[in-house]
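Enquirer: Here it is, the structure in full.
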Amino acid sequence: MSATASQPQGSHLWIITLQVPGGASATGHGTFTPPAHWTRRDAFRAVLAEMYKDAPELTGANVLFFSLEPNRL
């Protein structure tokens, strides 16, 4: 879901912070363009799945912060 400087960015920017029992935390961010029929919950679940795929040790972590905003100024 992330874009690099050479790739076009998605329509939305997401930021999420997760914390596992014991206190370790991780923050991720990226952009993507959700399908037209998606809800905010769909996007949240997709972001979680991406985080779990990239860092399986975070599976089941508590969500401390989640933001999904249009990627424009």
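The values are calculated or read from the model by the stated rules, or taken from the named source; none is laboratory data. These numbers come from a predicted model, not from an experiment. What goes into the accessible areas is simple: the full protein's heavy atoms, side chains included, and nothing from ligands, DNA or RNA. Shrake-Rupley method; radii C 1.70, N 1.55, O 1.52, S 1.80 Å.
Enquirer: Ordered by residue, what ³J(HN,Hα) values in Hz, to whole numbers, does the range 56-73 give under the Karplus form 6.51 cos²θ - 1.76 cosθ + 1.60, where θ = phi - 60° and Gly and Pro are x?
Expert: Each residue of the range 56-73 in turn: x, 5, 8, 4, x, 5, 7, 7, 8, 7, 8, 9, 9, 9, x, 8, 8, 9 Hz.
Enquirer: Residues of the chain: accessible area per residue at 1.4 Å, in Å²?
Expert: 67 Å²
Enquirer: Counting only protein heavy atoms and using a 1.4 Å probe, what share of the accessible area of the chain belongs to carbon plus sulfur, as a whole percent?
Expert: 56 percent
Enquirer: Using each residue's phi in the range 11-24, evaluate 6.51 cos²θ - 1.76 cosθ + 1.60 at θ = phi - 60° and report the 3J(HN,Hα) Karplus result to the nearest Hz, with x for Gly and Pro.
Expert: With coefficients 6.51, -1.76 and 1.60, one gets 6, 10, 9, 10, 9, 9, 10, 10, 9, 8, x, x, x, 5 Hz.
Enquirer: Starting from 0.36 nm per residue, how many nanometres of slack lie between V20 and F66 once their C-alpha separation is accounted for?
Expert: Extending this stretch completely gives an extra 15.0 nm.
Enquirer: Mean residue ellipticity at 222 nm from the helices of the chain, using -39,500 (n - 2.57) per DSSP H segment of n ≥ 4 over the full residue count, to the nearest 500 deg cm²/dmol?
Expert: -6500 deg cm²/dmol
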